[in-house]
Structure formats: C-alpha cells, structure tokens
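Trainee: Sharing a structure below in structure tokens format, with a few things to ask.
The values are calculated or read from the model by the stated rules, or taken from the named source; none is laboratory data. Just so we're clear, the structure is a prediction, and the values are computed from it rather than from any experiment. FYI the Cβ positions are ideal-geometry reconstructions off the backbone, even for glycines, and counts take in every protein chain you see.
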Amino acid sequence: MTADATGPAAGPAADVATLPDPVALLRSPAYLRLLVLAALVGAPVSALSYGFLKLVALLQEWAFTSLPRTLGFAGAPWWWPLPLVAAAGVLVSLTIVRLPGGGGHEPADGFQFGGGGAAAAELPGIFLAALTTLALGVVLGPEAPLIALGGGLGVLATRLAARDAPPAAGTVMAAAGSFAAVSTLLGSPVVSAFLLMEVVGIGGPLLGLVLVPGLLAAGIGTLVFVGLNDLTGFGTFSLAIPGLPPFDRPTVALLLWAVAFGALLPVLGTAIRLAGLALRSAVAGHRLAVTPLLGLAVAAVAVGFGGLTGRGSSVVLFSGQDALPALVLHASTWTVGALVLLAGAKSLAYTLSLSGFRGGPIFPAMFIGAAVGVAASHLPGMLLVPGVAMGIAAMTTVMLKLPLTATLLSILLLGSDGLALAPLVIVAVVVAYVVSARLPQTADELGRRRPAAAPAAPAGEAGSAGAGVPPPAPGGSGT
C-alpha cells in the first residue's frame, strides 16, 4: 500500500494538491498589487503599441509614396517594390544575426507566446526586425511582434517595480503586457483574451487569476487607443469591415459550403506552412545571402500580379490588414479570375515571407481566406458575407491552430452580421481544425507519410521478379 501511494499513480494527485488555492490568492494583498501593476502597465504599453503602428504606417507612406516622388517620379514605378523588399531582407537578416533574440520567434512555426516574456536585451532586435518587415512590404502582420514587445515590457515593469518578485508574477505581467499591446489591433480585448488563453495553454482553477490582470490591462489599453485616436486623429489601427450588407440567416446550402471551406482550405494552409518551413531550412545556413533574395521574390510576385491584373502590387504586399476591408466592400469590381490570382499570389508571397522574416501570421491568413470567400461568392448557393466569414474562419484556424480565437475573431470582425453567421463560422472552424490535424504538420512528417519504395531486387532475380515469378528458394532448384 505504501509503495502504491508513493508510486507514479499518486503523482498527478500530489501535483493537484500542491496547487495554490485560487480563492486565497484572489484575496491576497499580493494579487491586488499585481492588478494595480497590470493597470499601470496597460496604459504605457498600449501607447507604445499605438506609436509603433503609426510609425509603421508613416514609413510605409514614405517608402512607397513620398520617396519615389522625391526622386523625381510621378508615382511609384512598377518595379519600385523590388529594391525595397530586397532591402528589407538585408536589414532583417542583419538584425536576426547581429542582435540578441534573433528578432523574435519564427513565424513559420505558427503563433507562439513566450510565457516568461522577452528579455530586455531582446526587445530592440524584435522591434527593428518587425518594423523593417512591416514597413517595407513583407507579407506578415504586426500582432506577433506586438505581443512579444508587450510581454517583454510587462516583465521589465515587474522587475523595476519589485526586483524580488517571484517568477510567476513576471509570467502574469508578460501576459498582461501582451494583452494590452494586441487587444485593440484585433478589435476587442475579449479576442486577445481568447488568443492568449489558447496560445499559453493555461487552464484549471488558476485560469481566471491569470486572465484578470490581462483583461484589466487590455481594457485600459483600449481606452488609451481610443483616447490617442481622438487626440491625434491618426486612426485606431483596429481591423474592421464597416458597411457590410445585412445577413439574415444560414441556409442548408451555406452550411454545406461551410463544410467545403473547412475541408479545402486546410490543404492550402498546410501547403503554405510546409513550404515556409522547407524554405526556412535553406535560409538558416545562409541567412544574409538568401533573405534579400526572398524579399526580391516577394516583390516580384506582387509586381507580376499588378502587371497581370492592373490592380497594383500593394494589394499583395504588406499584411493585408488595410487591404481586407476594401477587398470585401469593393468585391463587385473584381473578376473571379483576378480573385483566384490574388489568393495565389498572396499565398506565395506569404510563404516566402514566413521563411525568413519576422512578423505575425494572422492578417495574411485572414486576407487569403477572405479572397477565397469573395471568389466563391460567385458560385451557386453562396453569398458574399458568409463566404468571407467562412474563408477567414477556416484559414485562420489552419494557420493558428486556435479554434476558439478563430471563431471569435471571425464573428466580431463582421459586426452586426456576426451572430447570424456564427453557425457557419463554427462549422467551418471545426471541420478545418479536424482536417488540418490529419494533414502533415512538418516536412519530416510529410516524408514519413509517403509510401516507401519497394526494395530493389538483386540483379540475378530481376527478370523473374519482374515477371511475377517468385525467386528460387535458397539451396533449391527453383522447381
């Protein structure tokens, strides 16, 4: 009995028994101090995030509009993105190689969150790599760098406020800083709560205690974003699609389309991720030489799309956050062929960007899903708004592997239509999540799933084996 009580079977029970009492923690003075610190951190982190996004917008405007005019062009010539995105490859690769932290996490690995937050020495590299990536047209989003920067600032604030703070306090404040940094960008503090909850993988009785400081920081951060918008007039930088036509209720045909979106988009998303991972392996050993070539290739894809369609290259470049509302609201001006070409070009540019640059995977995935949805709206039984919702939901699920976040983000993005679209979004998300789990997740797994080649027959037996005759038995006459 004693052996059984102290054996492996008792391990989980012992671990549960050693967890702190959440009620006692909630009532403790230390937790109240943590909430105060979260509130204090939320405001400056959100203000810095707002400034970062505005700086990105200003640099984009300067690089793609003001600079060519300064150099004597009437506007940016068709080839203009080629040197700019190649220069992004040079600068980002130098940042990754020369500065601590490698510029942040690899976007080809999907969405990640470092529970301990980035170290202070790593923040400049994360900032510079993300700023260069976003400002010069690489197809990645701002959410992952903002989360890393916000988390690092949260940890830094904890250490400055209380140098003897336990590691758990730093983890909670890292989450709070990340909440504050990304909440308004995704349109709601609630979306950021689901995002961080799924990414961190926290749960159990302590879930609420960890989320509450983050929600507090995110709520204050939202107020800061709104206040700065009123004060400066720069805009909120939040993703939104205003002016959508009203959607009444789902139909059987639309539910079948939701299944189709959930079944097919994982194939596209998995191909993007696997290709990005494969290219990343080639980049790792020759980063300084290969990353500029990747940037040149991204620009070439965008320029080629612009030349073929007359739509310009900017719709393929950048994260897609600003281009997504215009694509949906002006969907009637696009042909099906142009939409298919757009989805393909954005997917290819996204793949190349994942392999060597630094940024977030959410917004390009949303844009690709929306483009597929707009193209599908021309098919029987499909409508524009449901197509956009299901495309965004399915593609976001595949690239993030976060079904709750994908569901909530898609519903809230579509405003007043969101609740009516919820059944379609949920079906698309669930099917996409299940299908993508059955597809290869890495290049190595893809190789293992391929059927093994039959072993070659010995030279003396090739003829008989090829004719379907078994080889002679060892030591026998073969008759």
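Trainee: Any idea which of A87, A38 is at pLDDT 80 or above and not basic (K, R)?
Mentor: Selected residue: A87, the only one of A87, A38 that is at pLDDT 80 or above and not basic (K, R).
Trainee: Can you confirm whether the stretch 344-358 contains a residue that is over 14 Å from the mean Cα position of the chain (by Cα) and at pLDDT below 95?
Mentor: Yes, because at least one residue in the stretch 344-358 is over 14 Å from the mean Cα position of the chain (by Cα) and at pLDDT below 95.
Trainee: Kindly indicate whether any position in the stretch 316-323 is part of a helix (DSSP H, G or I) and more than 23 Å from W62 (Cβ to Cβ).
Mentor: no
Trainee: Here is a follow-up. Return the residues of the stretch 253-305 that are of a type in the set (S, T, Y) and crowded, with 17+ Cβ neighbours inside 10 Å; say none if nothing qualifies.
Mentor: T270, T291
Trainee: How many residues, within the stretch 238-258, are out of contact with any Gly (no Cβ under 8 Å at 6 or more places or on another chain) and either more than 14 Å from L421 (Cα to Cα) or of a type in the set (S, T, Y) (or both)?
Mentor: So the count comes out to 1.
Trainee: Shifting gears a bit: Would you check if S332 is in a helix (DSSP H, G or I) and surrounded by 21 or more Cβ atoms within 10 Å (Cβ to Cβ)?
Mentor: no
Trainee: Regarding the stretch 400-417, can at least one residue be identified that is assigned to a loop (DSSP other than H, G, I, E, B), surrounded by fewer than 21 Cβ atoms within 10 Å (Cβ to Cβ) and modelled with pLDDT under 95?
Mentor: Within the stretch 400-417, one or more residues are assigned to a loop (DSSP other than H, G, I, E, B), surrounded by fewer than 21 Cβ atoms within 10 Å (Cβ to Cβ) and modelled with pLDDT under 95.
Trainee: If you check G221 against the conditions, is it modelled with pLDDT of 85 or more, outside the structural domain of G276 (by TED's automatic domain parsing), within 19 Å of L408 (Cβ to Cβ) and crowded, with 21+ Cβ neighbours inside 10 Å?
Mentor: no
Trainee: Among the residues in the stretch 348-368, are any closer than 17 Å to A260 by Cα and not in a helix (DSSP H, G or I)?
Mentor: Taking every residue of the stretch 348-368 in turn, none turns out to be closer than 17 Å to A260 by Cα and not in a helix (DSSP H, G or I).
So that you can scan it fast, the table gives a plain yes or no per residue for (1) of a type in the set (A, V, I, L, M, F, W, C); (2) over 21 Å from E106 (Cβ atoms):
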| site | (1), (2) |
| --- | --- |
| T397 | no, no |
| G415 | no, yes |
| A420 | yes, yes |
| I426 | yes, yes |
| S436 | no, no |
| L439 | yes, no |
| T442 | no, no |
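Trainee: Which condition number in (1) crowded, with 24+ Cβ neighbours inside 10 Å; (2) at pLDDT below 85; (3) closer than 30 Å to Q441 by Cα is the one that G154 fails?
Mentor: (3)
Rundown of residues vs (1) of a type in the set (A, V, I, L, M, F, W, C); (2) in a helix (DSSP H, G or I), yes/no style:
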site: P242; (1), (2): no, no
site: F247; (1), (2): yes, no
site: L264; (1), (2): yes, yes
site: A275; (1), (2): yes, yes
site: V290; (1), (2): yes, yes
